Amino acid sequence: MVDVFDEVEEQLRSDRYKSLALKSLPWVGALAAVAILGAGGWAGWTSYQQSQTDKATEAYQTALTTSQKSGPVAAFPAFEAISKTGTPTYKALALFQMGGARLEQNKTAEAVAYFDQAAKLSSNPVLADLAGLNSALALLDTAPYKDVEARLTPLMGEKSPYRVQAKEALAFAKLRAGDLVGARGDFLVLSSSLDNSSDEIRERARGAMAMIDSGSAKDLPAVVKAALALPPTAALPPGPPADAAPNTAQ
């Protein structure tokens, strides 16, 4: 427990919070691209729509490769172009990546704006929820508690793939707001919940509770940097997105 206590305290005091949202960018971009590209045999699209989707697919793959090799900031112009000319699904994916690039540059307001646009534009609920979660995480250490709560509450439903991460983020938001009783109650639930895909979340919850019980939580800086672990992988819903065209090459 001592190690967990020290880890949570160090994470809460660190300046690495915003970088955590970036962890989701490579895998979600690749996963979503695979889902779109793997929609072979899906009929009902014109040759023009097929052509537009093929162009968006190629452009996104190229931008994603640049992001993986040189970083999201270097790939920003390519993603920006896709966000203006691509199909709706690729526009949403590009906006998500643009948010990550701005987050890496500590341009929180711009990052949140891009994440919010991606959430609204995406027809895929998994990507929409992930974009919404990233917005909330980016604002966690600066926005009023009510604003953070309003963003996280819709993500805490039983059908949300990120409900556990949203609940953890809300617990840290309560801790930052000074609601130690409410935060401890949330951490207690997280520490023993079976609805949890990550042992790390349970361990962090126990460590946070230890901080609260010891009285050290009240000595945290006004700006709490919560080191929240984003989900490693989430399965996209079956079937192609609304604007995906059949892959006739298969």
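Things worth noting here:
- 21 Å Cα-Cα threshold exceeded, pairs from 55/107; 146/167; 84/120; 107/167; 146/174; 55/84: 55/107; 107/167
- Separation of alpha-carbon centers, region 161-213 and region 139-154, rounded to whole Å: 15
- Our estimate of slack between residue 85 and residue 203, defined as 0.36 nm per intervening residue step minus the Cα-Cα distance, is 38.1 nm.
- Charge tally for residue 149 (other residues, Cβ to Cβ under 14 Å; Lys, Arg +1; Asp, Glu -1): +1.
- Phi to ³J(HN,Hα) by Karplus 6.51 cos²θ - 1.76 cosθ + 1.60 over region 93-100, Hz, x for Gly, Pro: 4, 5, 4, 4, 5, 5, x, x
- Potential extension, residue 177-residue 146 segment - 0.36 nm per residue separation minus Cα distance: 10.2 nm
Taken together, the values in this text are just the output of simple stated rules run on the coordinates, not laboratory data. Remember, predicted model here, so these are calculated numbers, not experimental data. When we count neighbours, we look across all protein chains shown, and the Cβ atoms used for this are built from the backbone with ideal geometry, even at glycine.
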